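The values are calculated or read from the model by the stated rules, or taken from the named source; none is laboratory data. Computed from a prediction, not measured in an experiment: that's the story for all the values here. Don't worry about glycine lacking a Cβ; one is built from the backbone with ideal geometry, like all the others, and counts go over all protein chains shown.
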Amino acid sequence: MSQPIIVTSKKRHYALFGATSLLMVLLSIFCIFLYSTERQTHILSPLFIFIGILGILFFSGTFVFYTKRLLTSSSNLPPILLVDEKGIVDKSSALAIGFIPWEDISCIHLRSHINQTYISVTLKDNETYLAKMNAFQKYCSKVNLKMGFPLVNIVLTTSNQTPEEVYYAILHQYGENFTY
């Protein structure tokens, strides 16, 4: 029996991402007020108001997520990733699905996009997991699918381990459970 792979997060990362989210909310509010004046063209004003509203909605959600994680005591904070003989438990982001048994996973690989590396997990049946998601998760996940990403993309920016280190540990210990 293999040892479970446990990836924890660092609170200072949550503070940094929470502060960045708050800054983005403020910039979105600024965007709405700056471009809602009469002196702007009739085309730009509604566009920037719409972008500002989307920014407020999205970054407010990320601010709440990171603030909740920051305020949770370290002993009560679950690992952001747990890999064992049963499967994967992903709690790495607001879009994380939670537990995924090995029999539902067809492929795991590394994927890079805009200077960010993810551990991407391709599932055998996306619809089963989409049905379990809330509206926000479902919308964002469908956008990811349309962009060619798999449903599960494990983000390790709040940990001290790189995606490469964790991926190769998964491959070494549990590689017989999936393709790569």
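Please tell me if GLY175 is part of a loop (DSSP other than H, G, I, E, B) and either free of Cβ contacts under 8 Å to residues at least 40 places away in the same chain or of a type in the set (A, V, I, L, M, F, W, C) (or both). So GLY175 fails the test.
Of all the criteria given as (1) of a type in the set (Val, Ile, Thr); (2) in a helix (DSSP H, G or I); (3) within 13 Å of the chain's Cα centre (by Cα), the one not satisfied by THR157 is (2). Within the range 49-80, being over 14 Å from GLY18 (Cα atoms), of a type in the set (A, V, I, L, M, F, W, C), modelled with pLDDT of 80 or more and surrounded by 15 or more Cβ atoms within 10 Å (Cβ to Cβ) holds for ILE49, ILE80. In the set (1) exposed (fewer than 15 other Cβ atoms within 10 Å of the Cβ); (2) modelled with pLDDT of 75 or more, the condition left unmet by LEU44 is number (2).
Taken over the range 111-147, residues that are without any contact (Cβ under 8 Å) to a residue 12 or more places away in the chain, surrounded by fewer than 14 Cβ atoms within 10 Å (Cβ to Cβ) and not in a strand (DSSP E or B) amount to 10. Against the list (1) over 23 Å from THR162 (Cβ atoms); (2) at pLDDT 90 or above; (3) in contact with a Gly (Cβ under 9 Å, 6 or more places away or on another chain), the condition PHE30 fails is (2).
Scanning the range 91-110 for residues that are under 18 Å from GLY175 (Cβ atoms) and either touching a residue at least 24 places away in the same chain (Cβ under 8 Å) or in contact with a helix residue (DSSP H, G or I) (Cβ under 6 Å, 6 or more places away or on another chain) (or both) yields a count of 9.
Kindly indicate whether any position in the range 150-157 is exposed (fewer than 13 other Cβ atoms within 10 Å of the Cβ) and at pLDDT below 90. Checked the range 150-157: no residue is exposed (fewer than 13 other Cβ atoms within 10 Å of the Cβ) and at pLDDT below 90. For the condition under 19 Å from the mean Cα position of the chain (by Cα), closer than 21 Å to GLN161 by Cα and of a type in the set (Ser, Thr, Tyr), SER93 qualifies.
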